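Remarks on the structure that follows.
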Amino acid sequence: MLLAAAPAPEKGQPPLTAQTQRSGGPIDPEQAALGFDSADLAIEVLPERQNIVGTATLVFTARAPLTRLVVDLDRNLPVSRIRIDGATLAPSAWRNPEGKLAITLPRAVATGDRVTAEIRYAGTPHVAVNAPWDDGFVWAKTKDGKPWIASTAEGYGCDLFWPCLDFPTGEPGRVDLHITVPKGLSAPSNGVLLGTDRLSGGRSTWHWRIKHPNTYAIALNIGPYQVISGNYKSRFGNTIPMYYWYLPGEKAQAEGLFAEFAPTLDFFESVIGPYPFGDEKVGVVETPHLGMEHQTINAYGNHYAKAAEGFDWLFQHEFAHEWFGNQLTVANWDDYWLHEGFGQYMQPLYGRWREGEARYATMLDGQRNRIENRAPLVSGKVLTEEEVYETAKGGPASDIYYKGAWTLHTLRWLIGDQAFFDSVRRMVYGRPDPKPGNFTPRFGSTTEFERIVAEESGRDLRWFFDTYLRQAALPELVAVQREGKLALTWKNAAAFPMPVEVQIDDRIVRVEMTGGIGDVPVPDGAHIVVDPFARVLKRSLAVEALQAWQRQASR
């Protein structure tokens, strides 16, 4: 009754503590002692109140002796009951002043033993200001006034609506979701649908199960959805179910988007490797925000936009994260470029796969103009998601997308397609020969990728990764023509031996740059173009001038 009397919250409300806004960073030692076996989440969504009521049953294995359980949960979702291994605790046994729920256990738990916590909670989840860039719930209405609801949690983390371990390596081994919604609404979510139960008043409970979900990937999506489904026969021999949940009245547009699923899937399987969750599904759901890579239930809100490249960039980008983000997850947000840089690079690669080199070059050129070089892509520290994604906190922000993609473009040219794609495959799957059933989601890092690239290429490329990932400034190529030679020198990078192509009239010459310097003979009057195919990411005075003009024009 108290919940019913409360007014609907505005965007940005209820306020979050600094603790809840943190996701990742240094891990609490007590949480590091927990192996997260499984979570069973029973959540009822009450649109008219903009509230949720939940019961989370969490199973942990102790990696060290435990006297407390410490999990992350927004304090705006107060806990009403906790049971440990079936025994109900007194309210004095837990506290949650700032969003880190600390539970005093009724008995000590030895290393290797299991403990089960059942946590009942309810309240008003934080309402996103501008999802998906600002996290929380989106409470929207369809054109005919029916509830349309979605959650996003990548930035602030899973603790926005369920008790969890809010850092990348806090993945549970399995999650069951029992999502209860009002009459006439559906609740597509992660993994496999095990069943739908009809309840009193026309309500329904949707039971989903997903294996090894990444921590921010669990998502609630509620609306009067219709669904398109089909099966994809993979080049690896397995059959993959595909689903798209869309709003009524959009059947023609929905069918057009669904038609992109199979060719996009074929691209990734042919270039990278098997779809990681083929025994669950390819799932996409229309959302009242732009999008997010929720594992097997990617959010889509691009309004079926058309583009010159002939495919939906939002769908393709979020789908890329099934490989780069969900199958391969960074253990430290400092390596976040492995999610977004690879995801962004898959766009021009897909354009190339579909239409050839002209489309690839065009799409890359658009990305180049957005590189800002304000901070290194990798700091070498344990960071929160916000410390990477937000410029105000010193992070590289959007450079993890565009500079990350261009770094990969340059690396592919430097070491060749064979070594590049073999490196990527090993990084994603942890093995060179992935097949359905012989791999599971894994954690990766920049240093691991460097090691794999060195092994596959047979070259020590620390100079490459140090320059592009660990410093903000791009290398600058200085070209001086005199006395029948073109002299080339790399600046802003120590002994940077990046080779460069030079076009001299109608022929292309590759100039090796030992120690960061090189030269090539050029005849008098020859027309010279340095790096004519834009193989190498380097400083551009023209781009810097463009960006300065854009900043001035926007004031």
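The values are calculated or read from the model by the stated rules, or taken from the named source; none is laboratory data. On a predicted model such as this, the values are computed, not experimentally measured, just so you know. Please note: Cβ atoms are built from the backbone with ideal geometry, for glycine as well, and neighbour counts cover all protein chains shown. Just so you know, the surface numbers come from the protein's heavy atoms only, side chains and all, with ligands and any DNA or RNA stripped out. Shrake-Rupley method; radii C 1.70, N 1.55, O 1.52, S 1.80 Å.
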Over region 274-336, with the other protein chains present, what is the accessible area per residue in square angstrom, probe 1.4 angstrom?
20 Å²
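Just add up the charged neighbours of Gly380: K/R +1, D/E -1, any other residue whose Cβ is under 12 Å from the Cβ of Gly380.
Numbers: positive: Lys381, Arg470; negative: Asp334, Asp335, Asp466.
With Lys, Arg at +1 and Asp, Glu at -1, the neighbours total -1.
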Relative to the chain, whose Cα atoms define the longest principal axis, helix 446-457 and its Cα axis are tilted in degrees, nearest 10, by 50 degrees
Among (1) 87, 55, 54; (2) 77, 55, 51; (3) 80, 69, 55, the entry matching Cα extents along the principal axes in Å as calculated here is (1)
Quick check for you: with a 1.4 Å probe and neighbouring chains kept, what is the accessible area per residue of region 450-490, in Å²?
49 Å²
Need the C-alpha centroid separation for region 176-197 versus region 269-292, integer Å.
18 Å
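To the nearest 20 Debye, how big is the dipole of region 397-555 about its Cα centre, given +1 on the beta carbon of each Lys and Arg and -1 on that of each Asp and Glu? Intermediate values should be presented prior to the final figure.
Numbers: 21 positive and 20 negative charges, 124 e Å.
That gives a dipole near 600 debye.
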In what sequence, largest accessible area first, do Trp353, Trp337, Trp206 appear using a 1.4 Å probe?
Trp353, Trp206, Trp337
If one computes the Cα centroid of region 370-400 and of region 241-256, what distance in Å separates the two points?
36 Å
If amide H atoms are modeled at 1.01 Å from N in the peptide plane, then the residues at a separation of 5 or more from Leu34, or on another chain, having amide H under 5 Å from its own are Arg63
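Can you give me the relative contact order of the chain as a percent, contacts being Cα pairs under 8 Å and 6 or more apart? Kindly include the intermediate steps, with their values, before the conclusion.
Numbers: 1200 pairs, mean separation 55.1, N = 555.
With pairs under 8 Å counted, the relative contact order is 10 percent.
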With every protein chain left in place and a probe of 1.4 Å, what is the accessible surface of Asp72, to the nearest 10 Å²?
10 Å²
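Using the Cα gyration tensor of region 179-265, with a ≥ b ≥ c the square roots of its eigenvalues, what is the shape: rounded (a/c below 1.5), prolate (a/b larger than b/c) or oblate (neither)? Please list the in-between numbers first.
Working: a/c = 2.16, a/b = 1.36, b/c = 1.59.
Oblate, because a/c is 1.5 or more while a/b does not exceed b/c.
Carbon-plus-sulfur fraction of the accessible area of the chain, 1.4 Å probe, in percent?
That share works out to 51 percent.
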Determine the shape class of region 12-56: with a ≥ b ≥ c the square roots of the Cα gyration tensor eigenvalues, call it rounded for a/c under 1.5, and otherwise prolate if a/b is greater than b/c, oblate otherwise.
oblate
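Count the net charge of all other residues whose Cβ sits under 12 Å from the Cβ of Gln347, scoring Lys and Arg as +1 and Asp and Glu as -1. Could you put the intermediate results ahead of the total?
Details: positive: Arg352, Arg354, Arg359; negative: Glu309, Asp312, Glu318, Glu340.
Around Gln347, the surrounding residues sum to -1.
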Might you work out the accessible area of Ile517 for me, using a 1.4 Å probe with all protein chains in place, and round it to the nearest 10 Å²?
100 Å²
So for region 313-401, using the alpha carbon gyration tensor with a ≥ b ≥ c as root eigenvalues (a/c under 1.5 gives rounded; past that, a/b versus b/c decides prolate or oblate), I'd call it oblate
Only bridges whose two residues both fall in region 230-294 count here: according to DSSP, what percent of them are antiparallel, nearest 5?
50 percent
Where GluC sites (Glu not before Pro) fall in DSSP loop in region 415-466, at most 13 other Cβ within 10 Å:
none
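All other residues with a Cβ under 13 Å from the Cβ of Arg451 taken together, and with Lys, Arg as +1 and Asp, Glu as -1, what is their net charge?
Residues close to Arg451 contribute a combined charge of -2.
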With +1 on each Lys and Arg Cβ and -1 on each Asp and Glu Cβ, and nothing else charged, work out how big the dipole of the chain is about its Cα centre, in Debye to the nearest 20.
800 debye
Quick one: ranking Asp197, Asp113, Asp266 by accessible area, 1.4 Å probe, largest first, what do you get?
Asp197, Asp113, Asp266
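Would you mind calculating the relative contact order of region 1-109 from Cα pairs under 8 angstrom and at least 6 residues apart, reporting the percent as a whole number? Provide the component values of the computation, followed by the final result.
On the way: 141 pairs, mean separation 29.4, N = 109.
Over region 1-109, the number comes to 27 percent.
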Which angle from 0 to 90°, rounded to the nearest 10, does the C-alpha axis of helix 399-415 make with the longest principal axis of the chain?
50 degrees
SASA check, Thr180, accessible area w/ 1.4 Å probe, all protein chains in place, rounded to nearest 10 Å², comes out at 20 Å²
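On a 1.4 Å probe surface of the protein chains, which of Trp463, Trp208 comes out largest in accessible area, and what is the full order? Walk me through the numbers on the way to the answer.
Working: Trp463 50, Trp208 5 Å².
My answer, sorted largest first, is Trp463, Trp208.
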Dividing the mean separation of Cα pairs under 8 Å (6+ apart) by the residue count of region 284-380 yields a relative contact order in percent of 19 percent
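Rounded to the nearest 500, what is the chain's calculated 222 nm mean residue ellipticity when only DSSP H runs of at least 4 contribute -39500 (n - 2.57) each, over all residues?
Values: 14 runs with 138 residues, N = 555.
My calculation for the chain gives -7500 deg cm²/dmol from helical runs alone.
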By a straight-distance test (C-alpha under 29 Å), which lysines pair with Lys393 as possible cross-link partners, with residues fewer than eight away in the same chain excluded?
Lys11, Lys100, Lys381, Lys403, Lys491, Lys538
Compute the helix-to-body angle for 337-355: its Cα long axis versus the longest principal axis of the chain, expressed 0 to 90° and rounded to tens.
60 degrees
